[in-house]
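The values are calculated or read from the model by the stated rules, or taken from the named source; none is laboratory data. If you're wondering where the values come from, they're calculated on a predicted model, not measured in any experiment. Remember, those area values only see protein heavy atoms, side chains included, never the ligands or the DNA or RNA. Shrake-Rupley method; radii C 1.70, N 1.55, O 1.52, S 1.80 Å.
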Amino acid sequence: MCERFISETASWSELSEVYKCVLSTKYLDSVTFYEKERELLELIRTKKSSPLFVVLIGDWGMGKTFLSRIIEEEAVDYKVRSVKINEIIIDNHGYFTVDDKEVLIIDEVENLENLQYEYKKEIVNFFTTMKKISELKDVDAVVFLLATPSGYTKIFSYGGLLHTLLPETYI
């Protein structure tokens, strides 16, 4: 925590020290986080003509699930559902739906990497369903995919899981 007093006649070196101190505190992250939260909530509230997919990438413990809870509380005009990717792949064979005025939060997307050998067909169904949903018209919905950076890369990058299962996607 920065506990420094600055006079009105403070020198640049004193101001620089305070600036460095502020940058090193957790409060700066909180400010940035809440700015992003407002942006996401505004994105949800903006009328969309077809569903929008948004990937939230962050390491474990960086606030992805916390942010999804804020979305659940704040997106009051929308039906908000939160599911883990395993539920979609294992329980629903890769299929999911979204309705008009809905926010769907799909957590732990990086687990697709662990499921790829046993549930290959279901994962293809998941990506095919994503494409079909993105082509719907007059559906005001947002689908959030929450993933770690390494999981995102292993799934969505060239040579990753999506490329391996559906190479035509990368043509």
From the Cα gyration tensor of segment 37-156, with a ≥ b ≥ c the square roots of its eigenvalues, which class applies: rounded if a/c is under 1.5, or else prolate if a/b is larger than b/c, or else oblate?
oblate
Using θ = phi - 60° and Karplus 6.51 cos²θ - 1.76 cosθ + 1.60, couplings along segment 49-58 (whole Hz; Gly, Pro as x)
8, 8, x, 10, 9, 10, 9, 9, 10, x
Evaluate the relative contact order of segment 44-171 (contact order divided by residue number), counting alpha-carbon pairs under 8 angstrom at least 6 apart; express in whole percent.
37
Given the whole protein assembly as supplied and a 1.4 Å probe, what does the accessible area of Ser49 come to in Å², nearest 10?
80
Please list Glu73, Glu113 in order of solvent-accessible area, largest first, computed with a 1.4 Å probe with all protein chains present.
Glu73, Glu113
Ser82's amide H: which non-local residues (gap 5+, or another chain) put their own amide H closer than 5 Å, with H modeled 1.01 Å from N in plane and none for Pro or chain starts?
Ile105
Could you sort Met62, Met130 by accessible area so the largest value comes first, with the probe set to 1.4 Å?
Met62, Met130
Interchain or sequence-distant (5+) residues whose placed amide H lies within less than 5 Å of the amide H of Val54 are Val143, Phe144, Leu145
Run the numbers on segment 102-153 and let me know its relative contact order in percent, using alpha-carbon pairs under 8 Å that are six or more apart.
72
